[in-house]
Amino acid sequence: MAQIEVRGLTKVFRRPEKDPGLVGALKHLVTRRFRDTVAVRGLDLDIEAGEAVAYVGPNGAGKSTTVKLLCGILVPTSGQVRVGGLVPHRDRVANARQIGVLFGQRSQLWWDLPVRESLGLLRDIYDLSPQDYRDQLERLDQVLELGDLLPVVARKLSLGQRMRADLAAALLHRPRIVYLDEPTIGLDIAVKDRVRQLLRGLRADGTTLILTTHDLGDIEDVCQRIVIIDGGRALYDGPLQGVKDTFARERRMHVQLADSGPEHAGVLAQLLPEATVLAGEQPGEFVIQFDRFTLPAGRVIAAVTRHTEVVDLRIDEPGIEDVIRRVYSGELSLADAP
């Protein structure tokens, strides 16, 4: 049985429609008008234990609503959802004990208490033994550098400091399932790398991770699977590498030739008819665009070096970021994705 099972999950929000001002409010008392907004529409999802899944989409796509449904904060309008064998909105307390949650814009720390006391309260809420609490705090301190933060009142923390403390709070009770919304926002490069390493370690230990993030570095470093949603629907659900292989096939090879003669462009175009050859910014520089599945990079390099001497070259590989950006802007449809 999957760790997370979702079938036909739908969430509709009913919002009042009224004209502005006092007159509009009075009219709404007499004649009520409402508008239904579908945030999640017929979502099907299965996530196994130990999977790390990127759950991405533009703002308003339904990501946060889905996570709140999985946490039990919201009740589905229709459909079924089970997390670790529990129905989240019916078994909220039991479900809360098996999950860890980090919402980038909302803190679970007590605003007017030092971080140490907030973590101590969470220790008592989750019934952690003193030894388990010390061991887990020491482990998290090695990654998040919590020592200087513990005596600081939560409201005085910077964004990066608060994210470190909130991440510790989310992982303190060793949850089996972790939902992370923008987990590395505000962190410096060194801490960000350690957090990603920690998440990979959790995944290896069998913890299920769902990341909703705009940082594509988090996705590529931690996740093997990606779910792209928009308008409350899943547009793509499959391996991260599958998205790259299907929609990020183009490569751009920049070559700097020893000779800057103008005839090279025509010759290279004849040698590489499957590619597009463009002039670069510098004399003797050319950009060769090609599909890596129809024209391997080795063949491109071999053709160029047979023709003339190459001083330097580099290959630009479009990443998942390019695919997601094109989906968000409407340039790319994932409907035909495998």
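Throughout, read-outs are computed from the coordinates displayed, never taken from laboratory work. A quick note: this is a predicted structure, and the numbers were derived from the prediction, not measured. Because the Cβ atoms are built from the backbone with ideal geometry, glycine has one as well, and the counts that use them run over all protein chains shown.
Side notes on the structure shown:
- Taking other Cβ atoms within 10 Å as a rough exposure proxy, Asp166, Asp46, Asp322, Asp205 sort from fewest to most as Asp205, Asp46, Asp322, Asp166.
- Structure-derived Rg/Rh (Cα atoms, Kirkwood Rh): which label, when the choices are (1) 1.00; (2) 1.09; (3) 0.95: (2)
- Potential lengthening of the chain between Leu26 and Thr246 amounts to 73.7 nm, from the contour at 0.36 nm per residue minus the alpha-carbon distance.
- Order of Phe34, Phe286 - criterion: other Cβ atoms within 10 Å of each residue's Cβ, fewest first: Phe34, Phe286
- Amide H contacts under 5 Å for Ala279, placed H, 5+ residues apart: Val287
- Contour minus Cα-Cα distance for Arg233 and Glu263 (0.36 nm per residue): 5.7 nm
- Between 0 and 90 degrees, the angle of helix 115-125 with respect to the longest Cα principal axis of the chain falls at about 60 degrees.
- Between 0 and 90°, nearest 10: helix 297-307 axis offset from the chain longest Cα axis: 20
- Relative counts (whole %) of C-alpha pair distances in the stretch 49-245, using bins that are 10 Å wide: 9, 35, 38, 16, 2
- Charge dipole (debye, nearest 20) of the stretch 249-317; +1 at Cβ of Lys and Arg, -1 at Cβ of Asp and Glu: 280
- Value of relative contact order over the chain, rounded to a whole percent, pairs C-alpha under 8 Å and six or more apart: 18
- Mean Cα-pair separation over length for the stretch 1-137, i.e. relative contact order, pairs under 8 Å, 6 or more apart, %: 25
- Exposure proxy order (Cβ contacts within 10 Å, fewest to most) of Tyr133, Tyr179: Tyr133, Tyr179
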